[in-house]
Amino acid sequence: MTVEPVAFSDDLASVFQKPVVPRHLAVIMDGNGRWARTRGLPRVEGHQAGAQTVRRVTEACCELGIEFLTVYAFSTENWKRPKEEVSALFGLLEHFLNQELPSLQSNNVRLQAIGRLHELPSNAQRALQETIRQTETNTGLTLILALNYSGRAELEDAIREICKSVANKRLQPGEFTQEHLRQHLYTSQWPDPDLLIRTSGEMRLSNFLLWQLSYTELYVTPKLWPDFTKLDLLEAIEEFQRRQRRYGGI
Ligand code: IPE
Ligand code: IPE
Ligand code: MG
């Protein structure tokens, strides 16, 4: 007698699924300036404290087995800030990359970056390329820094490339699909984020991953980024695990 494998309905199968951690976590790291202001400190000290949170959250993601962590570090709109703050931010980026390299290596973290990187100050570009190169073969968490990034700039860059393909007749307008667009995004090699965390309580996307966040679960916490702890991350993930993702279905 042959025993037929038991086929569970989709609903029943989900009962047996263990809570899963997001494969891809995206973070809008906001509130460094307010954290500093409430302490009577210069804003740059808020950014320094924020860099420590990046380290904590990266380590926690490694422990949790998250595969991709994308953090919004500098938007195309952040150039509007005083030039002292902008140059302090890029100085801090360079310092962070140099200081964190040993821990990225020991945690098997691969560093990547998205955004209009060619417009960054040349020292920051060099440090970034060097860290990307040195961590290229790591196989654990992929940490993606969004630098001089915005969703609209990314779409503009992608569409420009597609226009070139049409102009030189490699693509017929009638053949164009959203898959072409997806393939031209900076993030084409990675899955879309499952969970987006924004700190500091602001209820907006601020031009982050506009395409990729279509079906991402959103989580906003009032905590300022320098105060965000591993426990806060676990709370966000717990909340994510309670969400029902329907993707337009029932
Ligand atoms: C986020 O903190 C860091 C960057 C945008 C670079 P902010 O600097 O935006 O902090 P707030 O929003 O002024 O408190
Ligand atoms: C978003 O924060 C950008 C980054 C976290 C890098 P902002 O502080 O720039 O966003 P707004 O101005 O509050 O929308
Ligand atoms: Mg802000």
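List of remarks:
- The condition (being touching a Pro at 6+ places or on another chain (Cβ under 6 Å) and part of a loop (DSSP other than H, G, I, E, B)) is satisfied by just one residue among GLY201, GLY140: GLY201.
- Residue-level check: of (1) at positive phi; (2) part of a helix (DSSP H, G or I); (3) not polar (S, T, N, Q), ALA88 misses just (1).
- Qualifying residue in segment 149-161 (condition: touching a residue at least 24 places away in the same chain (Cβ under 8 Å), among the small types (Gly, Ala, Ser), within 16 Å of ligand 3 (Cβ to nearest atom) and in contact with a Ser or Thr (Cβ under 6 Å, 6 or more places away or on another chain)): yes
- Here is the figure for segment 21-33: residues that are more than 8 Å from ligand 1 (Cβ to nearest atom) and out of contact with any Lys or Arg (no Cβ under 8 Å at 6 or more places or on another chain) total 6.
- Annotation: GLY249 fulfils all but one of (1) within 27 Å of THR76 (Cβ to Cβ); (2) open to solvent by less than 80 Å² (accessible area, probe 1.4 Å); the unmet one is (1).
- When the residues of segment 204-225 are filtered to those that are within 16 Å of ligand 1 (Cβ to nearest atom) and not in a loop (DSSP other than H, G, I, E, B), the one that is surrounded by the most Cβ atoms within 10 Å (Cβ to Cβ) is TRP225.
- Only residues that are within 16 Å of ligand 1 (Cβ to nearest atom) and either open to solvent by 30 Å² or more (accessible area, probe 1.4 Å) or touching a helix residue (DSSP H, G or I) at 6+ places or on another chain (Cβ under 7 Å) (or both) were counted in segment 192-203, giving 6.
- Selection count where residues are of a type outside the set (D, E, K, R), within 20 Å of the chain's Cα centre (by Cα) and away from ligand 1 (no atom under 16 Å from the Cβ), scope segment 145-173: 2
- Any hit, segment 73-81, residues being under 20 Å from ASP227 (Cα atoms) and not in a helix (DSSP H, G or I): yes
- Boolean, THR187 is surrounded by 15 or more Cβ atoms within 10 Å (Cβ to Cβ) and either in a loop (DSSP other than H, G, I, E, B) or at positive phi (or both): yes
- Residue in segment 97-105 that is within 16 Å of ligand 3 (Cβ to nearest atom) and at pLDDT 95 or above present: no
- Restricting segment 34-81 to residues that are within 12 Å of ligand 1 (Cβ to nearest atom) and of a type in the set (S, T, N, Q) leaves a set whose member that is surrounded by the most Cβ atoms within 10 Å (Cβ to Cβ) is THR53.
The values are calculated or read from the model by the stated rules, or taken from the named source; none is laboratory data. The structure presented is a predicted model; accordingly, all values stated were derived computationally and were not measured. Note: ideal-geometry Cβ built from the backbone for every residue, glycine included; neighbour counts use all protein chains shown. Only protein heavy atoms, including side chains, enter the accessible area calculation; ligands, DNA and RNA are left aside. Shrake-Rupley method; radii C 1.70, N 1.55, O 1.52, S 1.80 Å.
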